[in-house]
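**Q** This is the structure I want to talk about, given as structure tokens.
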Amino acid sequence: MSIGFISSPACAGHEMGDGHPECPARLDAIRDQLLSSGIDFVLRHFDAPAATREQLERVHDPDYVASIFERAPETGIERLDPDTCMNPGSLDAALHAAGAVISAVDRVMAGEVPSAFCAVRPPGHHAERDKAMGFCLFNNIAIGAAHARGHFGLQRVAIVDFDVHHGNGSEDFVKGRDGYLLCSSFQSPFYPFTGTGELPGNIINSPLEAGAGGAELRRLVEETWLPALDDFQPQMLFVSAGFDGHREDDMAQLRFVEDDYRWVTERIREVADRHADGRIVSALEGGYALSALGRSVVAHLQGLIGANSSHPV
């Protein structure tokens, strides 16, 4: 079984300064591991298009979208918040990152591939309706989910987010909105210090304490996420695939390993097989320890491919 792998050279043009952890080398590390693991031979590669303003505005305020276009610098660095900057390549990168997820939806819905992973940057799940933050300009996964609903008319789509940081932007978009379910795990208390408190029923937040590892992740998935997903019966699943919870990543203090990412992806795939004809679209979020990032993406792809693949997983 081949799955889609969608990226764009434009995503390497986004730079936020020397020493910034969200750097172009992240995509190089993923590509290196695709080749060394041998999994590249069962991927179908596609170039991402740029998203249109209309597609962005399904999630973001039009004035906010206009402001990102207006603030895109011709030279130097434009600082949006203490962690998030734009250089001359950032707008093009962000448009192609969102466009990759839209293209993935189109290709999965057309039956070209059963599922797809988008190797893109900048990431997206912190971007709120009218605010850039946490390295994120546009909320790639939310834009893809809104495309699945708005363009294809799907009635129920689910987002699963296992990044180490709470996806406040995705929660901002999904909460109380008919046809969407968000299941999210994250270290807490931790940046952006959201995700706790009373929430509507379509938000399933699962905060983890510093030091938690695979056992805790697997327990919350089995006890909380899977029943909620099966009750919801999504017609397509979206994954905010952040790998900064890996024990080698010093961005945070969770203790996941590659097999944990493969395991949770397998459970997501089983839900998709039960309710969504296997349809999954996943997009890269965090992950800053480069070797661990590459290995974790390979494990995630192995989980998407499944045990019946001819690839030796």
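The values are calculated or read from the model by the stated rules, or taken from the named source; none is laboratory data. Everything quoted here is computed from the prediction, not taken from an experiment. Here Cβ is always computed from backbone atoms with ideal geometry, including for glycine, and neighbour counts include all displayed protein chains. Only protein heavy atoms, including side chains, enter the accessible area calculation; ligands, DNA and RNA are left aside. Shrake-Rupley method; radii C 1.70, N 1.55, O 1.52, S 1.80 Å.
**Q** Convert each backbone phi in the stretch 238-249 into a coupling constant with the Karplus relation 6.51 cos²θ - 1.76 cosθ + 1.60 (shift: θ = phi - 60°), then list the ³J(HN,Hα) values in order as whole Hz, x for Gly and Pro.
**A** Calculated HN-Hα couplings, in order: 10, 10, 8, 9, x, 10, 7, x, 5, 5, 8, 8 Hz.
**Q** Once the mean 1/r over all distinct Cα pairs of the stretch 163-313 is inverted, what Kirkwood radius in angstroms do you read off? Intermediate values should be presented prior to the final figure.
**A** On the way: mean 1/r = 0.0641 Å⁻¹.
Computed over the stretch 163-313, the radius equals 15.6 Å.
**Q** Dipole of the chain (Lys/Arg Cβ +1, Asp/Glu Cβ -1, origin at the Cα centre): which of L137, L237, V113 lies farthest to the positive side?
**A** Of L137, L237, V113, it is V113.
**Q** Calculate the dipole size of the stretch 73-124 relative to its Cα centre from +1 charges on Lys and Arg beta carbons and -1 charges on Asp and Glu beta carbons; express the result in debye to the nearest 20.
**A** Values: 3 positive and 7 negative charges, 32 e Å.
Charge dipole of the stretch 73-124: 160 debye, to the nearest 20.
**Q** Considering the chain, what Rg and Dmax in Å follow from its alpha-carbon atoms?
**A** Reported Rg and Dmax, both Å: 17.5, 50.
**Q** Pick out, from C183, S2, A97, the residue whose Cα sits farthest towards the positive end of the charge dipole of the chain, with +1 on the Cβ of Lys and Arg and -1 on the Cβ of Asp and Glu.
**A** S2
**Q** Restricting the calculation to Cα positions, tell me the Rg (one decimal) and the Dmax (whole number) of the stretch 32-106 in Å.
**A** Expressed in Å, the Cα Rg and Dmax of the stretch 32-106 come to 15.7, 45.
**Q** Could you work out the Kirkwood radius for the stretch 10-145, taking every pair of different alpha carbons, averaging 1/r and inverting it, reported in Å? Walk me through the numbers before you get to the answer.
**A** Working: mean 1/r = 0.0650 Å⁻¹.
Its Kirkwood hydrodynamic radius stands at 15.4 Å.
**Q** When the chain is modelled as a GNM with alpha-carbon springs shorter than 10 Å, which of L80, L91, L301 fluctuates the most?
**A** Between L80, L91, L301, it is L80 that shows the largest mean-square fluctuation.
**Q** On the accessible surface of the stretch 25-99, probed at 1.4 Å, how many percent belong to carbon and sulfur atoms? Numbers along the way, then the final one.
**A** On the way: 1720 of 3660 Å².
The nonpolar share, carbon plus sulfur, comes to 47 percent.
**Q** The stretch 123-178: D in µm²/s via Stokes-Einstein (Kirkwood Rh, Cα pairs, 25 °C, 0.890 mPa s)? Write out the running numbers ahead of the final one.
**A** Values: Rh = 11.5 Å.
Once the numbers are plugged in, D ends up at 213 µm²/s.
**Q** Cβ under 13 Å from L301's Cβ, L301 left aside: what net charge do those residues give with Lys, Arg +1 and Asp, Glu -1? The partial results should precede the final answer.
**A** Numbers: positive: R31, R44, R262, R269, R295; negative: D40, E258, E266.
Surrounding charge for L301 is +2.
**Q** Here's a follow-up. Based solely on C-alpha atoms, express the radius of gyration and the Dmax of the stretch 92-236 in angstrom.
**A** Computed over the Cα atoms of the stretch 92-236, radius of gyration and Dmax are 15.0, 42 Å.
**Q** I would also like to ask the following. Compare G179, G286, G144 in a GNM of the chain, Cα atoms joined below 10 Å, and give the one with the largest fluctuation.
**A** The residue with the greatest mean-square fluctuation here is G179.
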